[in-house]
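Chemist: Structure in C-alpha cells, see below.
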Amino acid sequence: MRTYHCFWLLFWAGQPHQTFLTPLSQRTSGFPEKGKVLVLSGNSRQDLRRSKRSWMWNQFFLLEEYTGTDYQYVGKLHSDQDKGDGSLKYILSGDGAGDLFIINENTGDIQATKRLDREEKPVYILRAQAINRRTGRPVEPESEFIIKIHDINDNEPMFTKDVYNASIPEMSDIGTFVVQVTATDADDPTYGNSAKVVYSILQGQPYFSVESETGIIRTALLNMDRENREQYQVVIQAKDMGGQMGGLSGTTTVNITLTDVNDNPPRFPQSTYQFRVPESTPPDSPVGRIKANDADVDENAEIEYSITEGDGYDMFGITTDKDTQEGIISVKKALDFESKSLYILKVEATNIHVDPRFLYLGPFKDSATVRIQVEDVDEPPVFSRPAYIMEVKEDVPINTVIGTVTAQDPDAAKNPVKYSVDRHTDMDRVFNINSGNGSIFTSKPLDRETLLWHNITVIAAEINNPKQSSRVPVFIKVLDVNDNAPEFAMFYETFVCENAKAEQLIQTLSAVDKDDSYSGHQFSFSLAPEAATTSNFTLQDNRDNTAGIFTRRNRYNRHEMSTYFLPVVISDNDYPIQSSTETVTIRVCACDHRGKMLSCNAEALIHPTGLSTGALIAILLCIIILLVTVVLFAALRRQRKKEPLIISKEDIRDNIVSYNDEGGGEEDTQAFDIGTLRNPEAIDDNKFRRDIVPETLFMPQRTATVRDNTDVRDFINQRLKENDIDPTAPPYDSLATYAYEGNGSVAESLSSLESVTTDGDQDYDYLSDWGPRFKKLADMYGAMDSDRDS
C-alpha cells in the first residue's frame, strides 16, 4: 500500500491586522510554481490535494508599520507527519530568519519581531524545513515561501528640488512653457493610489498654471511686462492618493524671472539741451553729454546717437559711451566766436537691436534739439599761413630782407602784435626779424655748402597781453652761387718708371666742386702757364671731367731728379668762372720690365719705414705685464702689513693666543702687564695691542679713574665700557683676564703665600662659621691642626 505525506502551510489572521493568503501564480510574478498550490484562508481549511511533494506552501502578506506591542503574527507551518508528539522540529531560514522572523520550532508558528517598512524591503524570501528532533534528519524536503509587505500611505510626495529657478521672456503668449516640476512618492505604485501624485498651484495665480498630471508650469496671463514686475514666486503642491482627501502632500517653490525683450523705445527726458563752449576749445574735445532713457536692459538698451540736421553738422560730432549709453558731443573743427556764436543741432537716439515683433508699438528712436553757444575768449594772434618757406642766395649782404610773416589778433579788439625769433631755433643768430612788420633779414653771412636749410620759429605775441602768443615755423633755403673753385677729388701722388717711354699714361685726374650746378658740372684741365713748355709731362683733357698725365720723353733718371711737381689748373663753366691750381706729385722709381715699381730714391710709396704692427703690439704687451706686476707687488706688501703678528692655529676669529712655554709666575711681567689690574690708577694710555700692527694710531679716550674702587663689578664694567668705545679694540670676541681683587674684603687675603711668612700659628676655626661652602676647607685645615698637635 502506497502512503502519501503532505506538509501543511497554515495562515491565520488575527486582530487587528489580517494575514492574506493567495495563490502564488495569481499575485506574484518572478517566483516559480511548486506544483499545485493549496489555498488556505483564516482558520478555515479546505481539502488537501495531493501533489508530487508532501510540502504545501504559499505566499502571504503583512501590513507595514505595525504599531502593536506584541509580535506580529505571520502564519503557521505544519507537516502531515507531525503527530503532535513533539518529535518534529521546524526550522526557518532565509531573509530575516532568526532576527526579523522567528518560528516556534514545536508548533511552526511564525511571528515578525520588528516593524516592517515596505520602502526598505518589500519582499522576504524564506525557506522552511521539518526535521526529526531525535535524528536530526529532514523528514521533508526544504521548500521556499514568500512574505510580501503590503503598502500603506506613509510617504508624502517629495520634489526632486527644493527650489526651482526658471526664466521666460516678457510679453510671452498664454500657455508658454516655463518649467516642469517632478515629485516622487516612495509608496508602492502598484497597490492602491498611495503613489499617485497630482500637482496643483498654491501661489502664483493668475500669472501661471500647472498641469495636474505632468507638473508642467505655463503662463496664464497675457503681456506680462518685466518693467512692471520682474520676479515671481510660485508654490506648487504635489498630493498623493490622486489628490483625494486624506492624501499626503509636499510643496516646492519655483522662482520665475521675466527676461527682457526690446519692447521699449529710447526717450529723451527733455526736448532741448543747451551747452556753452569756449571758442579756444581744440578739436576732439567734449562739449557735453546727453542721454535717452530706455527701460530695457543689456543689449536691448543699447543706443546709437547721431546728428541728423542743423547748422553745426560739420562743426560738431557725437559718439556713444558704451558703458553709460550717453551721447558725447565733441568739437570737430576749430570754433570762431567772431564768425559764428550759436549752433543748433538735431540729435537722434536709436535702438541698435530692434525686435520686429514689437514694431507695432512705434519707432524705436527719439530726437532732441541741442543748442551750443560759443563763448568769446582772448585768443592769440593767428598767422596768415601755417608755415612759411623762403629762399635767399648765399652771397647776399648782411641785413638783407628775405621775407615777411604776418599775424593778426582774431578778437574784435584787434590788439597790435609784435614779432620775435625763438633763439632756441637760431642759436647762431643768423637771422633777425622786425618786431613791428614781421620782415625777416640776415644778420650774418650765409654759406650754402655749410648749411642748406635754416629752420627757425617766429613768435607773434599781443603787445597788451604777451601771454597770448603763437608760433609758426619758417623754413629758409639757401640758394647756391658759384663761389667755390673746383679741386681734385683726392690728393694725387704717383710715380714714373725710369725706363718709361714717351706718351705713356701714368695718372688719370678727376675733380669735384662744392657748388651746385643745375646743368651739371663741366670742368676743364690744363697745365699752369709756367709748366706748359718746360714740363717733362703733358696733360690731356678728356672732356668728361677727367684728364690724363702722359710722359713727354723717354727714360727718366732718379739720380738727376727724383720728384716732379706738376701744377694743374682746373676751371668750371659757371658764372662767374672759378678756377684753382692743384699740384700732382710724381716720383721717379726703378721698375722691372713689366712696369712694376721696385724702389724709389726718396721714401718708399708702398713700404713706409718704421716699426711693424707686430713689434708695436709686443712692446705694448710688455708694458702692460710690467704694470700688472708692479700693482700686484704693491697690493701684496700692503696686505702683508695688515696680517696679525700672531695667528691662532685653531680659529683666526678668536683672540686667544697660545704660548707653548711656561710662565715665570707673578714676577714675569713681560708677556702681560698685570700692574693695571693690581692698580687701576696706573693706566698706560699709549699701549696698543701686541698681536697686530695698527694702521692708524688712534688716540684712546681717557676716562676718569675710579678711585677707592672697592667693588670688582664696578671695575670690570668700567673696563668693558672703555673697550666698547675704543676704536682700536678688535671687532671680534676676545678673552680678557682680570686679576684685581679689590680693597676692603671682609675675608681679607686668602693667599697661602702670606700665611707662610707669619711666625705664629693661625687658627682656622673661623672657617666653620662661614657656612657650608667652606666646610670642606675647614675640615682640611682643621685636620692639619690636629696632626700638628699630635
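Chemist: Condition first: free of Cβ contacts under 8 Å to residues at least 60 places away in the same chain and closer than 21 Å to LEU258 by Cα. Now tell me which residues in the range 147-184 satisfy that. Spell out how you get there, then give the answer.
Modeler: Of the range 147-184, the ones free of Cβ contacts under 8 Å to residues at least 60 places away in the same chain are 160, 172-177, 180, 182, 184.
Passing the criteria: SER172, ASP173, ILE174, GLY175, THR176, PHE177, GLN180.
Chemist: In addition: Any idea which residue in the range 208-224 is farthest from THR257 (Cα to Cα), counting only those that are open to solvent by 60 Å² or more (accessible area, probe 1.4 Å) and over 51 Å from the mean Cα position of the chain (by Cα)?
Modeler: The first filter runs over the range 208-224 and keeps only residues open to solvent by 60 Å² or more (accessible area, probe 1.4 Å), leaving 211, 213, 218, 221-223.
From the residues that got through so far, the ones that are over 51 Å from the mean Cα position of the chain (by Cα) too are 211, 213, 221-222.
Values: GLU211: 20, GLU213: 24, LEU221: 15, LEU222: 15 Å.
Within the range 208-224, the match that is farthest from THR257 (Cα to Cα) is GLU213.
Chemist: Taking the range 550-584 as the search range and keeping residues that are basic (Lys, Arg) and surrounded by fewer than 19 Cβ atoms within 10 Å (Cβ to Cβ), which one is nearest to ALA500 (Cα to Cα)? Explain how you work it out, then say what you get.
Modeler: Initially, the range 550-584 is screened for residues basic (Lys, Arg), giving 552-553, 555, 558.
Narrowing further to those that are surrounded by fewer than 19 Cβ atoms within 10 Å (Cβ to Cβ): 552-553, 555.
Values: ARG552: 10, ARG553: 8, ARG555: 5 Å.
The extreme case among them is ARG555.
Chemist: A further question follows. Limited to the range 225-241, what total is found for residues that are in a loop (DSSP other than H, G, I, E, B) and either within 53 Å of the chain's Cα centre (by Cα) or β-branched (Val, Ile, Thr) (or both)?
Modeler: At the first step, the residues of the range 225-241 found to be in a loop (DSSP other than H, G, I, E, B) are 225-230, 240.
Retained after the next criterion (residues that are either within 53 Å of the chain's Cα centre (by Cα) or β-branched (Val, Ile, Thr) (or both)): 225-230.
The number of residues fulfilling the criteria is 6.
Chemist: Could you tell me which numbered condition SER271 fails, if it satisfies all but one of (1) in contact (Cβ under 8 Å) with a residue 24 or more places away in the chain; (2) open to solvent by less than 70 Å² (accessible area, probe 1.4 Å)?
Modeler: If we test SER271 against (1) in contact (Cβ under 8 Å) with a residue 24 or more places away in the chain; (2) open to solvent by less than 70 Å² (accessible area, probe 1.4 Å), just (2) comes out false.
Chemist: Further, regarding this structure: With respect to TYR343, determine if the residue is without any contact (Cβ under 8 Å) to a residue 60 or more places away in the chain, open to solvent by 70 Å² or more (accessible area, probe 1.4 Å), out of contact with any Lys or Arg (no Cβ under 7 Å at 6 or more places or on another chain) and aromatic (Phe, Trp, Tyr). It would help to see each step written out before you state the result.
Modeler: Numbers: without any contact (Cβ under 8 Å) to a residue 60 or more places away in the chain: yes; open to solvent by 70 Å² or more (accessible area, probe 1.4 Å): no; out of contact with any Lys or Arg (no Cβ under 7 Å at 6 or more places or on another chain): yes; aromatic (Phe, Trp, Tyr): yes.
No: the conditions fail for TYR343.
Chemist: Which of the residues spanning the range 274-288 are within 17 Å of LYS346 (Cβ to Cβ) and surrounded by fewer than 16 Cβ atoms within 10 Å (Cβ to Cβ)?
Modeler: Across the range 274-288, the qualifying residue is only GLN274.
Chemist: I've got another one for you. List the number of the failed condition for THR251; all other conditions in (1) touching a residue at least 40 places away in the same chain (Cβ under 8 Å); (2) open to solvent by 20 Å² or more (accessible area, probe 1.4 Å); (3) farther than 21 Å from TYR207 by Cα hold.
Modeler: (3)
Chemist: Further question: In the range 568-600, what count of residues is obtained for those that are touching a residue at least 40 places away in the same chain (Cβ under 8 Å) and among the charged types (D, E, K, R)?
Modeler: 4
Chemist: List the residue pairs whose Cβ atoms are under 8 Å apart, where the first residue sits in the range 539-567 and is free of Cβ contacts under 8 Å to residues at least 40 places away in the same chain and on the phi > 0 side of the Ramachandran plot, the second is open to solvent by less than 90 Å² (accessible area, probe 1.4 Å) and not acidic (Asp, Glu), and the two are 6 or more positions apart or on different chains.
Modeler: Sorted first by the residue in the range 539-567, then by its partner, the pairs are ASN545/SER510; ASN545/ALA511; ASN545/HIS521; ASN545/PHE523.
Chemist: Now, a different point. How many residues, within the range 299-317, are within 30 Å of GLU379 (Cα to Cα), in a strand (DSSP E or B) and open to solvent by less than 30 Å² (accessible area, probe 1.4 Å)?
Modeler: Residues meeting the conditions: 3.
Chemist: Taking strands (runs of 3 or more DSSP E) that do not extend beyond the range 562-626, which have at least 3 residues that are over 30 Å from LYS514 (Cβ atoms) and either under 60 Å from the mean Cα position of the chain (by Cα) or at pLDDT below 90 (or both)? Explain how you work it out, then say what you get.
Modeler: Numbers: elements: 563-571, 579-591, 597-600.
The qualifying strands (runs of 3 or more DSSP E) are 597-600.
Chemist: Further question: Any idea which residue in the range 346-364 is nearest to GLN274 (Cα to Cα), counting only those that are part of a loop (DSSP other than H, G, I, E, B) and open to solvent by less than 40 Å² (accessible area, probe 1.4 Å)?
Modeler: Step one: filter the range 346-364 for residues part of a loop (DSSP other than H, G, I, E, B), giving 352-355, 362-364.
Imposing the further condition that a residue be open to solvent by less than 40 Å² (accessible area, probe 1.4 Å) reduces the set to 355, 362, 364.
Working: ASP355: 33, GLY362: 28, PHE364: 24 Å.
In this case the residue turns out to be PHE364.
Chemist: Also, quick follow-up: Within the range 242-298, which strands (runs of 3 or more DSSP E) (wholly inside it) include 1 or more residues that are of a type outside the set (Phe, Trp, Tyr) and under 40 Å from the mean Cα position of the chain (by Cα)? Reasoning before the result, please.
Modeler: Values: elements: 249-259, 272-278, 286-290.
Per the criteria, 249-259, 286-290.
The values are calculated or read from the model by the stated rules, or taken from the named source; none is laboratory data. The structure displayed is predicted, hence computed values, not measured ones. Neighbour counts are summed over all protein chains in view; Cβ atoms, including those assigned to glycine, are modelled from backbone coordinates with ideal geometry. Ligands, DNA and RNA are excluded from the accessible area calculation, which covers all protein heavy atoms including side chains. Shrake-Rupley method; radii C 1.70, N 1.55, O 1.52, S 1.80 Å.
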